[in-house]
Each structure stands twice: as C-alpha cells, then as structure tokens.
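To start, the structure itself, in structure tokens.
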Amino acid sequence: PEDTVTSSFASFIHAARPELLSQTVRQRSKRMILDSIGVGLVGSTTRVFDIALRYCRELYSSLAVSSVYGKPGVKLSPTLAAFTNGVATHSMDFDDTWHPATHPSGAVLPALLAASQMLPPNTKPTGLDFLLAFNVGLEVQGRLMHFSTEAHDIPKRFHPPSVVGTLGSAAATAKLLSLSSAQCCHALGIAASLAGAPMANAATQAKPLHVGNATRLGLEAALLAARGMEANPLILDDIPGCSGFSAFYSVYQPKPLSTPGQHHEFLLEKQDIAFKRFPAHLGMHWVVDAALSVRNLFINYAGSFSPSLIRTIMLKIPVSKYINRPFPSSEHQARHSFQFNACAALLDGEVGLGSFSESSIHRQELRELLDKVVVEHPEDNVANFDKMYGEVALLLHSGDVLTGKCDTFYGHWRKPLSKESLLKKFRSNASHVLPEEKIEAIIALVDNLETLSDGSQL
C-alpha cells in the first residue's frame with residue numbers, strides 16, 4: 001500500500017533532493033561529519049578498535065576496497081570497514097549526541113565512507129550526494145525517535161543507535177546507491193531485523209560494537225535490498241498483533257513522512273547536535289562543568305584545592321542506573337560514572353583523554369575523593385538530555401557549603417561549540433594518527449563538500 005508510514009519513509013528516501021538542504025542544515029551536518037571523523041581517528045588508537053580490526057582482518061577475506069580510520073594502507077571489504085570505523089567512532093564515547101538521545105553520525109558516516117569507495121569510478125557520489133545521503137540517514141533516525149515518548153529520556157532497555165542507527169544507516173546507504181522506493185522500503189525492513197542491543201552492555205568494551213554493527217548492518221540491509229531481498233513493507237507501521245519497529249517501544253505512534261516537494265524542513269534544522277569536549281557519556285558533561293565551577297569557588301575560598309578540607313561531596317543528578325557508578329574499575333566504567341567524572345574534574349581542574357587511563361582511574365587521591373561522594377536524585381532533575389542538570393556541592397569540615405550547578409554545558413545544542421572549538425577538538429583528535437597537512441586537507445574537504453565531484457575523496 002502506498003498510504004502507509006513505511007511507504008512514506010521509503011518515498012522520502014527515494015525522492016529527497018540536495019536543494020532541500022538549507023544552509024543551516026548543511027553547516028550543522030558538516031560540523032558533525034568533521035567531528036565524527038576526528039573522533040574516529042583518535043578512536044583508532046584504542047584497544048577495542050584493535051580487537052575489532054584484528055577480528056576483521058583475520059576472520060574475513062574479500063574484496064578490500066574501503067579505508068580504515070588511522071591505518072594508512074589498510075583496506076577491508078565495505079561492510080567490515082564500516083563496522084571497524086563505527087567501533088572506532090564510539091570506542092571512547094566521544095561521538096556526537098542528539099535529542100531524543102542517540103549517537104547519529106557514527107551510525108551513518110562509516111557506511112557512507114565505505115560504500116562510496118565501493119562504487120565504480122563512473123558512479124561515485126558527488127560531495128553533495130554524500131551530504132544528502134548523510135542527512136537522509138539523520139532524518140530517518142530522528143523521525144523514528146519522535147514516534148515514542150520513551151525515546152526522549154536517557155534509555156533503559158536498549159542502546160538507541162543500535163536500533164534507529166541501523167535503520168538510519170540503511171536509509172543513508174539506500175539513498176547513496178540510488179535505490180528505488182520499493183528497495184528503500186525493503187532496506188528498512190531488513191535493517192529492522194538486524195537491529196538492537198541491550199543497555200546492560202553499556203560501560204563495557206561491547207558498547208562500541210553497537211555503533212559498529214548499526215552502520216555495518218544498515219549498509220548490508222541496503223546492499224541486500226539492492227540485490228532483490230524483500231522484507232515486510234509495513235515494518236514502520238503500528239499493526240495490532242504483529243510488531244514491526246514497534247517491538248522496540250511500548251509506546252509507539254508512527255506518523256507518515258511527507259514526500260519532499262519544493263520544501264522540506266529537516267529535523268537538524270530545528271534540533272542542533274551536542275558535541276562532547278571530553279570522551280565520556282553525555283550526562284558527564286553536566287557534572288564536570290558543575291564540578292569545575294565549584295572548584296573555582298573552593299580555590300577562591302581556600303587559596304588552593306585541598307581535599308582534606310572537604311567532608312562530603314554531594315552530587316545532585318538524575319536517576320539513571322547505568323551511569324551511577326560509585327567506584328569504576330575500568331576506562332569504560334569511568335566514562336559512564338557521574339562520581340568519577342565529578343571527582344576527576346575537582347582533582348585535576350579538567351577532564352580529557354588522559355583522565356581515563358588505567359593510572360589515572362586508580363590514583364589513591366581520586367579514590368579518597370570518591371569515598372566522600374553522596375548522591376541525591378531531586379525530583380525536578382529528570383533523566384532527559386534536554387531537561388537535566390548537574391549540581392556538585394562541597395560540604396566542608398568548617399561547616400561551609402560551596403555549590404556549583406550546570407543547566408547547559410558548553411557543547412550542548414543550547415550552547416553550541418564555536419567553530420574554533422570544534423576545529424581545535426578535531427585537530428587534537430586527528431593529530432594522534434595523521435600529520436598536519438592531512439589534517440588540514442580533511443578540514444578543507446569537509447568545508448567544501450558540496451563542490452566535490454567525487455565524495456569518496458573523504
């Protein structure tokens with residue numbers, strides 16, 4: 001049927017045109033692309049990336065045409081390159097975050113990079129084609145998340161990019177490959193059968209696999225649809241007694257997506273992205289900024305940061321079990337610990353790449369601060385990235401109380417990173433694996449993406 005939610009999504013994917021991308025959408029999405037590449041490059045230095053790369057190189061052999069982040073001369077098959085680069089992107093939890101909550105770029109960009117290298121020379125996508133496909137992948141993710149009120153809060157059951165990201169990757173790749181409307185519909189249906197990962201694997205080395213699998217399996221879904229595989233053409237519709245995409249949500253109210261005509265307002269136009277200043281779960285950025293604020297008050301009060309003067313560290317945070325970790329023992333647990341990030345910020349005056357090293361995590365002085373932490377969950381502090389806040393109070397032995405609070409951290413969509421800050425982050429990340437001239441070349445390519453005749457140059 002042509003009047004279904006699923007068919008409307010398929011028609012949108014098929015009919016979207018580059019001229020629908022406003023200047024705001026183009027600029028915001030190029031910022032996302034640049035940041036995601038930088039995060040992937042620095043992520044290629046991690047242990048979990050090495051495990052994923054070794055797995056792909058040792059267990060699979062096929063036509064190796066697609067590049068791998070941070071590994072000059074290494075190429076894999078398109079689907080495995082997408083998987084490996086997706087793992088790199090989320091290996092430090094350093095990638096962008098949207099609202100409702102998901103990591104949109106890492107689920108889409110690696111698939112497009114791999115697919116663009118896969119295509120024959122005379123069918124390469126232009127830079128504008130690439131940018132459009134990227135935005136189609138974002139749009140599908142965002143629309144799907146708006147079908148359920150559950151998606152607006154910090155997740156409890158499944159990791160969103162493993163679900164909406166898989167379908168976003170399928171949609172983006174289907175657009176890049178110029179699939180028919182029927183094939184786009186089947187790509188979404190196939191992707192739905194490949195989606196999902198439980199939140200219990202947050203704060204483990206398995207979590208980066210969620211993004212790696214999302215981008216890889218979405219690419220595979222589009223390739224299978226291109227080769228004639230079919231799936232349920234009502235996969236996004238709410239059919240009583242037969243769950244499709246609604247299997248992932250207890251509350252699911254889908255709406256058709258209008259076929260783009262002269263105008264289409266992409267969600268990215270209305271809802272900007274959050275970029276992270278340090279590699280940890282987004283919720284950590286509120287408590288770190290609050291901790292840095294109260295640290296400055298403490299130094300003005302005492303002349304220096306003296307932990308011996310502190311009796312209790314009070315954290316006021318939302319209820320979210322998987323990021324409430326009093327004594328993290330690994331880098332991935334530390335990236336998902338309100339307590340650790342608040343204490344690291346208090347002790348060091350910053351949180352960065354080095355904060356999550358083995359030696360930093362197990363410092364005695366940090367452990368002593370963690371022992372002083374008490375957590376409260378105020379009713380007005382909800383587990384929602386658009387509404388939550390972080391508050392850090394120092395209760396001193398003298399009886400004085402110093403308090404720092406953050407409602408909106410720098411990098412949040414309400415307080416976006418400046419161009420200078422974004423470029424600084426990218427250059428810092430990319431410098432771990434690339435020389436300066438290549439770093440600047442990537443910046444120039446992304447900045448002029450619309451003008452590229454061959455988008456696979458990325």
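The values are calculated or read from the model by the stated rules, or taken from the named source; none is laboratory data. Here the structure is a predicted model, which is why all the values come from computation and not from measurement. Cβ atoms come from the backbone with ideal geometry, glycine included; neighbour counts cover every protein chain shown. What goes into the accessible areas is simple: the full protein's heavy atoms, side chains included, and nothing from ligands, DNA or RNA. Shrake-Rupley method; radii C 1.70, N 1.55, O 1.52, S 1.80 Å.
What net charge do the residues around residue 146 carry, taking every other residue with its C-beta under 15 Å from that of residue 146, with Lys and Arg at +1 and Asp and Glu at -1? Local net charge: -4.
Determine the percent antiparallel among the DSSP beta bridges restricted to region 282-406, to the nearest 5. If you can, show how the numbers build up before the last one.
Details: 12 of 16 bridges.
Around 75 percent antiparallel, to the nearest 5.
In terms of distances greater than 26 angstrom between alpha carbons, the cross-link table entries 71/124; 175/387; 175/255; 156/387 yield 175/387.
Calculated mean residue ellipticity at 222 nm for the chain: -14500 deg cm²/dmol, from DSSP H runs with n ≥ 4 weighted as -39500 (n - 2.57), summed, divided by the residue count and rounded to 500.
Report the net charge of residues surrounding residue 407, where surrounding means a beta-carbon distance below 10 angstrom and charges are Lys +1, Arg +1, Asp -1, Glu -1. Walk me through the numbers on the way to the answer.
On the way: positive: 387, 405, 414, 415; negative: 289, 391.
That works out to +2.
Taking all protein chains as shown and a probe of 1.4 angstrom, residue 301 keeps an accessible surface of around 100 Å².
Please give me, ordered by residue number, the GluC sites (Glu not before Pro) of region 368-426 that lie in loop per DSSP and have at most 16 other Cβ atoms within 10 Å.
Numbers: sites: 368, 376, 379, 391, 420; in loops: 379.
Answer in residue order: 379.
Could you do me a favour and compute the accessible area per residue for the chain, 1.4 Å probe, result in Å²? It would help to have the intermediate numbers written out before the result.
Details: 17610 Å² over 458 residues.
Normalised by residue count, the accessible surface of the chain is 38 Å².
One compactness figure for region 366-458 is 1.73, namely its Cα radius of gyration divided by 2.2 N^0.38 Å. Excluding same-chain neighbours fewer than eight residues apart, the aspartates and glutamates reachable from residue 405 by a Cα-Cα span under 19 Å are 289, 348, 350, 376, 379, 380, 386, 391.
For residue 419, the lysines whose Cα falls under 17 Å of its own Cα, not counting residues fewer than eight places away in the same chain, are 30, 276. Region 42-110 and region 394-437 have their alpha-carbon centroids 25 Å apart. Relative to the longest principal axis of the C-alpha atoms of the chain, give the angle of the C-alpha long axis of helix 181-192, reported between 0 and 90° and rounded to the nearest 10°. Computed tilt is about 40 degrees.
Packing here is the average count of other Cβ atoms within 10 Å per residue, and on that basis the peptides 93-104, 405-416, highest first, run 93-104, 405-416. Residues 397, 336, 264, ordered by accessible area of protein heavy atoms at a 1.4 angstrom probe radius and largest first, appear as 397, 264, 336. If you sort the three axes of the alpha carbon gyration tensor as a ≥ b ≥ c, you get a/c of 1.5 or more for region 304-386 and a/b no higher than b/c, which makes it oblate. Of the solvent-accessible surface of region 282-406, computed with a 1.4 Å probe over protein heavy atoms with every protein chain present, carbon and sulfur atoms account for 48 percent.
Summing charges over neighbours of residue 452, with a neighbour being any other residue whose Cβ is under 11 Å away from its Cβ, gives -3 when K and R count +1 and D and E count -1.
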